[in-house]
Amino acid sequence: MITLQNVRKDYLVDKKSITALKKIDLTIERGEIFGIIGHSGAGKSTLIRCINLLEQPTSGSVIVDGKDLTQLSQGDLQRARHEIGMIFQHFNLLASATIYENIAFPLRLAKRPAAAIDRKVRELLDLVGLTDHATKYPSQLSGGQKQRVGIARALANDPKVLLCDEATSALDPMTTQSILKLLADINKTLGLTIVLITHEMHVIREICDRVGVIDEGEIVEVGPVAEVFLKPQQKITQEFVEQVSDFDFPEELLAQYLRMPEAERARHQVVQVSFLGDTTFQPVMFQVLQEHPVQFNILHGTISRIKDTPFGRLVLEITGDPGAAQKAVQNLQERGLQVEVLL
Amino acid sequence: MDFNALFANVDWTDIWKACGETLYMVGLSTLFTALIGLPLGILVVLTSPGHLLQNRPVFGLLSFIINIFRSIPFIILMIMLIPLTQILVGTSIGVSAAIPPLVIGSAPFFARLVEVSLREVDKGVIEMAQSMGATTWQIIARVLLPEARSGIIAGITITIVALVGYTAMAGVIGGGGLGDLAIRFGYQRFQTDVMLVTTVIMILLVQVFQSVGDRFVRYFNRK
Ligand SMILES: Nc1ncnc2c1ncn2[C@@H]1O[C@H](COP(=O)(O)OP(=O)(O)OP(=O)(O)O)[C@@H](O)[C@H]1O
Ligand SMILES: [Mg+2]
């Protein structure tokens, strides 16, 4: 749906060139929610603004729905932008216009007939749950309600792509949840491709299908969210994953094993098992336990979600003959669980 | 005390005539000031660095012209413009002859006020409109002007009040009006009562213009 090829962006500041994006190659599939995460100044906003050419790349091409936007005339680009909705961290609503008029704004730009505008605006007000607020002004709304107006407005021209620049960063956690849920619903019901940028990993975990990690103007890691969570390759990715890890393994538990007499220690192994998806885990544990002469003891664990998929991480103590314990670990791995031996 | 004795020198028909002249000059010159100053202010903002139609030479030139007209004292401007007035109005004396210098003196001032209020429009909102495929015209008509509406109205109010003051100098070219009356009778002939009456009327005029303007600003301000 969106392909960035070799995109580079330099800014000229005081006659000196600053490279915001080095060489971005990225493909975003139709219908997915793609998240881009990075620290402040990494180039996230620049990247997302290159997708609708609010920022003209210094070189490279930006292909959205088969069209290379960098090759379009001004008029064609303006028409192409009707198909690309965008929402903003600070909402960017027209303070002088009612909620109704704010949502009608892109429809008026596209010169739709009045009856069609009215129908569409009412439909969108209903979709985002703001029908009762149609005649209010933005200053009379809460942050979450303002972002709902922003979303409704972005959807007015039935875009194929929705770009979200830190859409929830100005909102409290509860409101963030409801906005993310709204985005996920829209993605499902309308089949809309969503690109969102954020510096918060929990946003990625909540709704994204795939994630790209950007650092100093480069995409350093891309993959399905679950995979990136389970096996982060880069250091920066690991840091982001730790942001949301509710998995605080008490280190003193390990120390306790280290203090054991050597012979006793050999009979205990501590491993960390990670699993994704609900169906496989419990039966696998049981089967392995039955097939090997060892005992499991759960020392620590959490179960959370990555988008709609449960995701768990357990620390197990395996007691038994060292050979048997090793075989049990192997068996767990063979059955698709990720096992890391801690001790 | 006898009212008529107190204002012995005041000829009320003269006063009313002068009132009419002042309102005529202020009204027409406000209209033309807005017609020239508004587009000028918009153009200055749009051509300024980092804006939609960014263009250094045009911006520099407009800015220079505005500064020149703003730095010439009105009374001198009025005399300098006599040939132009002659061409535009067909005469260089009288109430109508005061209008071109009034407009040329206040349009650059108003343009600056427009510029200031347009610059206060949130950059993010302009960007939002661009991201939705708005043309430059659409951004002017549907974003910049509506969002800056209350600031522009405040600017018009300030301009009207300044014009009331400028018209007082129009007497130099036979423009008439309250200020002229005050200078010719009140000052030059020491008729303190005429001075008092004309001044009070001018104060009242300014008060009325200002409070009506403020009311509009409050009505349109949605922030
Ligand atoms: N208009 C601009 N002019 C000059 N430099 C810019 C401009 N916009 C961004 N930059 C620079 O480009 C780099 C990337 O900025 P960008 O805004 O894309 O970062 P970001 O990842 O969105 O950060 P944040 O999380 O703080 O919003 C920064 O070094 C920034 O200073
Ligand atoms: Mg940013």
Of all residues in segment A:188-203 being crowded, with 19+ Cβ neighbours inside 10 Å and away from ligand 1 (no atom under 16 Å from the Cβ), the one that is nearest to A:SER245 (Cα to Cα) = A:ILE194
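Among the residues that make up segment A:258-267, is at least one of them touching a Leu at 6+ places or on another chain (Cβ under 6 Å) and more than 27 Å from A:LYS181 (Cβ to Cβ)?
No - not one qualifying residue is present in segment A:258-267.
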Subset of segment A:76-122, residues hydrophobic (A, V, I, L, M, F, W, C) and within 16 Å of ligand 2 (Cβ to nearest atom), comes to A:MET86, A:ILE87, A:PHE88, A:PHE91
Residues in segment A:72-92 that are in contact with an Asp or Glu (Cβ under 9 Å, 6 or more places away or on another chain), under 12 Å from B:ALA134 (Cα atoms) and charged (D, E, K, R): how many?
-> 0
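Okay, residues lined up against (1) within 12 Å of chain B (Cβ to nearest Cβ); (2) surrounded by fewer than 19 Cβ atoms within 10 Å (Cβ to Cβ):
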site: A:HIS90; (1), (2): yes, yes
site: A:VAL121; (1), (2): no, no
site: A:ILE151; (1), (2): no, no
site: A:LEU155; (1), (2): yes, no
Among the numbered conditions (1) over 27 Å from A:PHE34 (Cα atoms); (2) within 16 Å of ligand 2 (Cβ to nearest atom), tell me where A:ILE214 comes up short.
-> (1)
Filter the helices (runs of 4 or more DSSP H) completely within segment B:1-112 down to those with at least 1 residues that are under 27 Å from B:VAL194 (Cα atoms) and without any contact (Cβ under 8 Å) to a residue 12 or more places away in the chain.
-> B:3-6, B:12-47, B:74-80
If you go through segment A:1-11, how many residues are within 11 Å of ligand 1 (Cβ to nearest atom) and either surrounded by 21 or more Cβ atoms within 10 Å (Cβ to Cβ) or within 14 Å of chain B (Cβ to nearest Cβ) (or both)?
-> 2
Out of curiosity, is A:ASP172 under 24 Å from A:LEU4 (Cα atoms), modelled with pLDDT under 95 and not aromatic (Phe, Trp, Tyr)?
-> no
Flag if A:GLN78 is more than 19 Å from A:ILE151 (Cβ to Cβ), within 12 Å of chain B (Cβ to nearest Cβ), away from ligand 1 (no atom under 16 Å from the Cβ) and buried (at least 18 other Cβ atoms within 10 Å of the Cβ) = yes
Kindly indicate which of B:GLY175, B:GLY171, B:GLY155, B:GLY165 is under 17 Å from the mean Cα position of the chain (by Cα) and modelled with pLDDT under 80.
-> B:GLY175
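Here's the yes/no breakdown for (1) among the hydrophobic types (A, V, I, L, M, F, W, C); (2) open to solvent by less than 10 Å² (accessible area, probe 1.4 Å); (3) within 15 Å of ligand 2 (Cβ to nearest atom); (4) farther than 25 Å from A:GLY85 by Cβ:
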{"residue": "A:VAL13", "(1), (2), (3), (4)": "yes, no, no, yes"}
{"residue": "A:LYS16", "(1), (2), (3), (4)": "no, no, no, yes"}
{"residue": "A:THR27", "(1), (2), (3), (4)": "no, no, no, no"}
{"residue": "A:ARG30", "(1), (2), (3), (4)": "no, no, no, no"}
{"residue": "A:PHE34", "(1), (2), (3), (4)": "yes, yes, no, no"}
{"residue": "A:HIS39", "(1), (2), (3), (4)": "no, no, yes, yes"}
{"residue": "A:LYS44", "(1), (2), (3), (4)": "no, no, yes, no"}
{"residue": "A:SER59", "(1), (2), (3), (4)": "no, no, no, yes"}
{"residue": "A:VAL62", "(1), (2), (3), (4)": "yes, yes, no, no"}
Would you mind finding the one in A:PHE249, A:PHE240 that is out of contact with any Leu (no Cβ under 8 Å at 6 or more places or on another chain) and modelled with pLDDT under 80?
-> A:PHE249
Any chance segment A:93-111 includes a residue that's surrounded by 20 or more Cβ atoms within 10 Å (Cβ to Cβ), within 7 Å of chain B (Cβ to nearest Cβ), within 16 Å of ligand 1 (Cβ to nearest atom) and in contact (Cβ under 8 Å) with a residue 40 or more places away in the chain?
-> no
Scanning for something over 30 Å from B:ASN4 (Cβ atoms), in contact with a Gly (Cβ under 8 Å, 6 or more places away or on another chain) and open to solvent by less than 20 Å² (accessible area, probe 1.4 Å), does segment B:187-201 turn up at least one residue?
-> no
Looking at segment A:34-61, which of its residues are away from chain B (no Cβ under 14 Å) and either touching a helix residue (DSSP H, G or I) at 6+ places or on another chain (Cβ under 7 Å) or more than 8 Å from ligand 1 (Cβ to nearest atom) (or both)?
-> A:PHE34, A:GLY35, A:ILE36, A:ILE37, A:GLY38, A:PRO57, A:THR58, A:SER59, A:GLY60, A:SER61
Can you name the number of the only condition in (1) open to solvent by less than 10 Å² (accessible area, probe 1.4 Å); (2) away from chain A (no Cβ under 14 Å) that B:GLY90 fails?
-> (1)
Tell me, which strands (runs of 3 or more DSSP E) lie completely within segment A:245-335 with 1 or more residues that are free of Cβ contacts under 8 Å to residues at least 60 places away in the same chain and more than 30 Å from A:ASP185 (Cβ to Cβ)?
-> A:294-306, A:309-320
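The values are calculated or read from the model by the stated rules, or taken from the named source; none is laboratory data. Because the structure is a prediction, the values reported are computed rather than measured. FYI the Cβ positions are ideal-geometry reconstructions off the backbone, even for glycines, and counts take in every protein chain you see. Note: accessible area is taken over every heavy atom of the protein model, side chains too, but ligands, DNA and RNA are not part of it. Shrake-Rupley method; radii C 1.70, N 1.55, O 1.52, S 1.80 Å.
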